[in-house]
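First the structure, in the form of structure tokens, and then the observations on it.
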Amino acid sequence: MNRLRTGVFATLLGLAAELAPAGAHAHEFWVEPSTFTVPVGGRVAARLCVGDGYEGWSLARNTQRIEKFVAAGPSGVQPLLGLDGSDPAGIARLTAPGGYVIAYRSNRAFTELPADEFDEYLADKGLEKIAAQREQTGAGRGKVREAYSRHSKALIRVGDAAGKLVDRPMNLRLEIVAEADLLGARLDALRFFRLLHDGKPLAGALVTAARPGTADENLKARTDAEGRAGFRLPTPGMWRVAAVHMIEAPANVGADWESLWASLTFELPSPLSSIAPAAPAARNAACRNRIVASTAQVRP
């Protein structure tokens, strides 16, 4: 094997290890648009991103994994287009003014972890009920096989930068929906998000709010009986709200457990934007392009 092939093989192995969601520090996944405010008739490019804390990196488009990748707005729903292996993963031209939701849904992928590492992962993601269930059923200490899928959204505006930013359900298996108008309250106001599993409120789930690309600590809250979690988001810029839900895997899936990963990204404008609407909010873009052509088929 020559030096180039050896390097490519090592890169593939490293990315494959990094992209598996399970582990004590399981990676979040999100959709990051090129801009959160698009002029009428302008294009938006969306990256599929994975990472935690300060570091995040983009994933090339993998058509085999995509079940839904669309932008929904005033003029209807349109696909985000792209070639297999491309980064950004999808592009759309948006011609009608108003609020849009970019929605991405993947099919299942699989990973395996030793039991101890799986238990650490459950604790990290607030999945104590699954840990208790494993203990009650006398789960073995061998490897745990997990199926997982991604369910991510991003909110953008087309046209008037002072317009509203409104979310809506997009028929994802696990989905975070922002309530009311995210931009209608003061910067330090309490903003609520609803977590839906198969369209129904999910109670008792851990939800986090983070600023990708920064060293800020994650904010955490549990959903109430109506699936609602509230956060005060005091800093302008891009935010990611995320949650993980786990269930016993159906018998035909070939796994012990199935996890659903949801995220919602949006941008809170700077207070100065009320004086100068054309000025964009601070961009703490976290998603760097670390995918080369030789690794285009690595699956997230």
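What follows draws every value from the coordinates through simple rules; no lab data is involved. Computed from a predicted structure; not experimentally measured. Cβ sites come from the backbone with ideal geometry, for glycine too, and all protein chains shown count toward neighbours.
Points to keep in mind about this one:
- Structural descriptor for segment 134-232: relative contact order 20 percent, calculated from alpha carbon pairs under 8 angstrom and at least 6 residues apart.
- Under 13 Å, Cβ to Cβ, from A45 - net charge with Lys/Arg +1 and Asp/Glu -1: +2
- For segment 52-116, the Kirkwood hydrodynamic radius from C-alpha pairs, put into Stokes-Einstein at 37 °C and a viscosity of 0.692 mPa s, yields a diffusion coefficient of 234 µm² per second.
- Were the residues from L187 through E226 laid out at 0.36 nm apart, the gain over their Cα-Cα distance would be 11.6 nm.
- Relative to one another, the C-alpha centroids of segment 133-149 and segment 76-118 are positioned 28 Å apart.
- Peptides ranked, highest mean first, by Cβ atoms within 10 Å: ranges 223-235, 174-186: 174-186, 223-235
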